[in-house]
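Just below is one structure, and these are the notes that go with it.
The values are calculated or read from the model by the stated rules, or taken from the named source; none is laboratory data. In this text, all values refer to a predicted model and were calculated from it rather than measured experimentally. Virtual Cβ from ideal backbone geometry, glycine too; neighbours counted across all protein chains shown. The protein model used for the area step is the full one, side chains on, heavy atoms only, and it has no ligands, DNA or RNA in it. Shrake-Rupley method; radii C 1.70, N 1.55, O 1.52, S 1.80 Å.
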Amino acid sequence: MANQHPIVEYTSQASWAMIEDKFSPYAKETLAKLIKFYEEEILPARNLAHAQLPTDEVQRWKTVIPVIEELKGKAKKLGLWNLFLSKAHYPEYGVPLTNLEYAVMAELLGRAGHMAPEVVNCSAPDTGNMEVLAKYGSPEQQKKWLVPLLNGEIRSAFAMTEKHVSSSDATNIRTSIRREGNEIVINGHKWWISGAGDPRTKLHIVMGKSDPDNKSSYNQQSVVLVPTDTPGITIVRPMRVFGYDDAPEGHCEIIYENVRVPLSNLVLGWGRGFEIIQGRLGPGRIHHCMRAIGAASEALDTMLRRVTDPSRKTFGKYLHEHGAVIAEIAKSRAEIEGARMLVLSAALQIDKYQAKGALKEIGIAKFVVPSMALGVVDRAIQAFGAEGVCQDQGLAKAWAGLRTLRIADGPDAVHIQQVGQRELKRAPGLVKKATALAQREKAAFDKAGIKKSHL
């Protein structure tokens with residue numbers, strides 16, 4: 001098809017046809033530029049980035065990967081920077097892209113794992129932290145922390161999950177945040193704090209309990225900005241995800257012991273923690289889903305190359321000529337297409353009503369997309385046999401990350417519960433409609449002089 005946008009090669013003609021008219025000329029141009037950068041700069045550097053990370057258990061946590069820093073400079077010059085931050089919601093700091101437009105870009109970036117989003121300053125947890133500061137931060141906080149994050153000069157961590165409680169219910173959080181004069185004192189034990197191991201990380205955004213006796217369990221928490229060089233912060237260890245440490249960013253266990261910061265480091269106000277995390281997690285969840293679809297698409301492409309490789313014939317046949325491989329390919333394609341529609345729908349809802357008005361769509365995507373992507377990756381692993389679970393392919397690492405996503409930013413069960421509860425709220429209206437219909441139906445039977453029989 002003449003003048004077809006290059007994104008069609010990475011998504012599908014049908015999905016692009018549905019959303020093309022919602023893309024501004026700037027967005028189409030930026031997307032085309034991103035695809036070119038992805039193909040010519042990011043993909044050739046993936047293995048180099050891995051090779052530049054030392055295997056030494058100490059040095060890998062002190063390393064800033066050279067090729068990533070080099071590509072960040074190139075991306076910034078091309079204007080491929082902070083693509084996630086929509087000007088519609090953040091006029092002072094955002095870029096002229098909608099969440100829908102960014103959704104397609106994030107899917108592309110998700111094909112190359114953690115590296116690609118970082119190169120364009122669109123990687124978690126920085127994206128969510130930048131949104132917190134842009135939306136809730138004071139002018140002083142924005143100048144000190146948001147601007148360097150937007151410039152890619154520093155990185156950050158979000159400290160919420162705790163070791164000794166069930167943190168999927170954030171009201172359980174025990175970390176103490178209390179005021180002493182003009183200071184805030186923090187004591188707590190956190191873990192799975194992504195980004196905390198990075199030598200570039202200069203800020204922790206910490207959530208804790210500041211008013212445990214408040215009658216409302218949703219007004220007991222506050223959020224505080226904690227510089228990483230503040231005395232009392234101890235990084236206990238990096239956690240491993242199915243054996244992967246995700247260095248240099250990592251996911252760390254941290255103890256905050258009598259950590260003192262100025263009162264001005266409080267975000268938004270006392271007791272506003274839940275409001276802040278809900279504003280942060282909504283867009284973050286959908287960003288994860290966008291990238292997960294890209295990871296699934298890359299896995300399917302990898303599988304297609306494998307099953308059509310003549311050097312991998314068994315018993316005289318291509319792998320795709322055996323058993324149910326064709327059906328597995330078709331299933332993967334169908335699931336990817338369906339999941340993409342879910343994510344695009346959620347992104348469109350966020351654009352129209354912000355994250356709070358898109359909670360149902362975000363929740364559905366959050367428990368559907370990671371499981372879908374896991375299934376696609378698993379089928380690709382099966383096509384590779386033993387090679388699929390080793391370090392020679394990226395499938396095992398992709399699977400580990402996607403499996404973790406079913407827990408991160410709220411486990412599947414929580415999102416399923418919330419979506420189910422929203423559906424149940426429709427029941428009274430449905431019963432009312434059914435009752436009215438039954439009355440109209442009875443009137444119709446009575447008028448016709450026919451006795452209605454129960455079928």
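Structure notes:
- Here the range 94-122 is the region considered, the condition is being part of a loop (DSSP other than H, G, I, E, B), at pLDDT 95 or above and not β-branched (Val, Ile, Thr), and the residue that is most open to solvent (accessible area, probe 1.4 Å) is Pro96.
- Selected residue (only one of Thr98, Thr171 is out of contact with any Gly (no Cβ under 6 Å at 6 or more places or on another chain) and closer than 29 Å to Ala299 by Cα): Thr98
- Only one entry in Gly273, Gly282 is open to solvent by less than 10 Å² (accessible area, probe 1.4 Å), modelled with pLDDT under 95 and either within 19 Å of the chain's Cα centre (by Cα) or of a type outside the set (A, V, I, L, M, F, W, C) (or both), namely Gly282.
- Wholly within the range 374-455, helices (runs of 4 or more DSSP H) carrying at least 2 residues that are assigned by TED's automatic domain parsing to the domain that holds Arg291 and either modelled with pLDDT under 95 or in contact with a Ser or Thr (Cβ under 9 Å, 6 or more places away or on another chain) (or both): 395-405, 412-424
- Number of positions in the range 152-197 that are open to solvent by less than 10 Å² (accessible area, probe 1.4 Å), in contact (Cβ under 8 Å) with a residue 60 or more places away in the chain and not aliphatic (A, V, I, L, M): 3
- Hits in the range 175-190 (condition: closer than 20 Å to Leu281 by Cα and part of a loop (DSSP other than H, G, I, E, B)): Thr175
- The requirement of being open to solvent by less than 40 Å² (accessible area, probe 1.4 Å) and under 24 Å from Ser15 (Cβ atoms) is fulfilled nowhere in the range 141-149; no residue meets it.
- Any hit, the range 302-318, residues being among the acidic types (Asp, Glu), within 23 Å of the chain's Cα centre (by Cα) and open to solvent by 10 Å² or more (accessible area, probe 1.4 Å): no
- Odd one out for Lys143, checked against (1) in contact (Cβ under 8 Å) with a residue 60 or more places away in the chain; (2) of a type outside the set (Gly, Ala, Ser); (3) out of contact with any Pro (no Cβ under 6 Å at 6 or more places or on another chain): (1)
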